[in-house]
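For reference, the structure is listed below as structure tokens.
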Amino acid sequence: MNTIESNRTFSTNEVNNRYFYYCKLVEEKLKNHQKPHDRRYHQGFFIPKRPIKCMNIMEVADIQPIVWRSSWEQKFMEWLDSNDIVTRWGSEIISIPYKDPIKGKMSIYIPDFYMEYLDNKKRLQKYLIEIKPMSQSKLTEAKDGYDRLRIAKNAYKWSQAIVYCKKKGITFKVMTEYDLGLK
């Protein structure tokens, strides 16, 4: 099943069971001191208050903890979960194959978020979102050669995401600290 195109409805019992399982899974990982792996960034597990909107809980066969990999992603998840216009969202649920321009090998790009919301005219809008600092998004903001290399690689991944999104009727957007209201 392609998660994006799912039109499933859920009984209250099913929502409660999946949410209970999800919370127990996160609790177990924390009890066993299993945390997200990259210590360079502030990371953690997200427990939504409105699980019926969260595709990671309701629409995947193998439920796994939702990980925020930066405080920016955490804030965005909180916004997705609490905002009434958002009807569905998922974290790292889409995989886009691409050929890594630096390594020359096939790789997988997993954008940060997929979301659906109702616009002012009550039309369903679909977005695939990547959250990145401006220094990893715009050449004019690059601080050094490493940043420029990252930007080139990101630009290529994002071009592949745009192709994927066009085929699916989705808009791709990179959100920086300025889009998130952090600067």
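Where a number appears in this text, it was derived from the coordinates with a stated rule and is not lab data. The model shown is predicted, which means the values in this text are computed figures rather than measured ones. Note: ideal-geometry Cβ built from the backbone for every residue, glycine included; neighbour counts use all protein chains shown.
Details
- Under a model in which nothing but the beta-carbon of Lys, Arg (+1) and Asp, Glu (-1) is charged, region 94-183 shows a dipole of about 380 debye around its Cα centre.
- Calculated FRET value between residue 63 and residue 103, using beta carbons and R₀ = 30 Å, to 0.05: 0.40
- Take the Cα of residue 141, go 7 Å toward its beta carbon, and none of the backbone nitrogen atoms of region 93-112 fall under 15 Å from that spot.
- Take every Cα pair under 8 Å whose residues are at least 6 apart in sequence, average their separation, divide by the length of the chain, and the relative contact order is 15 percent.
- Within a straight-line Cα-Cα reach of under 29 Å, residue 29 can be paired with the following lysines, leaving aside sequence neighbours fewer than 8 residues apart in one chain: 49, 53, 75, 132.
- Each residue of region 76-82 was assigned a 3J(HN,Hα) from its phi angle through the Karplus expression (A = 6.51, B = -1.76, C = 1.60, θ = phi - 60°), giving 5, 4, 4, 5, 4, 5, 8 Hz with x at Gly and Pro.
- Here region 9-69 is assigned +1 on the Cβ of each Lys and Arg and -1 on the Cβ of each Asp and Glu. Its dipole about the Cα centre then comes out at about 340 debye.
- The chain: most fluctuating residue of 134, 115, 55 per GNM, C-alpha cutoff 10 Å: 134
- Computed about its Cα centre, the charge dipole of the chain is approximately 420 debye, with only Lys, Arg, Asp and Glu carrying charge at their Cβ.
- Residues 144, 81 arranged by fewest to most Cβ contacts within 10 Å: 144, 81
- Neighbourhood charge, 15 Å Cβ-Cβ cut-off, centred on residue 105 and excluding it, Lys, Arg +1 and Asp, Glu -1: +3
- Farthest toward positive dipole pole in the chain [+1 Lys/Arg, -1 Asp/Glu at C-beta], among 45, 171, 30: 171
- Cβ-based charge dipole, region 69-183, positive-most Cα from 111, 86, 162: 162
- If you take all other residues with their beta carbon under 15 Å from the beta carbon of residue 149, and give Lys and Arg +1 and Asp and Glu -1, the sum is +4.
- Label-to-label distance, nm, for residues given as residue 12 and residue 31 (7 Å Cα→Cβ offset): 2.8
- Summarising the amide proton neighbourhood of residue 87: residues at separation of 5 or more, or on other chains, whose placed amide H is nearer than 5 Å comprise 116, 117, 118.
- Three-way shape call for region 94-183 based on the alpha-carbon gyration tensor, with the a/c threshold at 1.5: oblate
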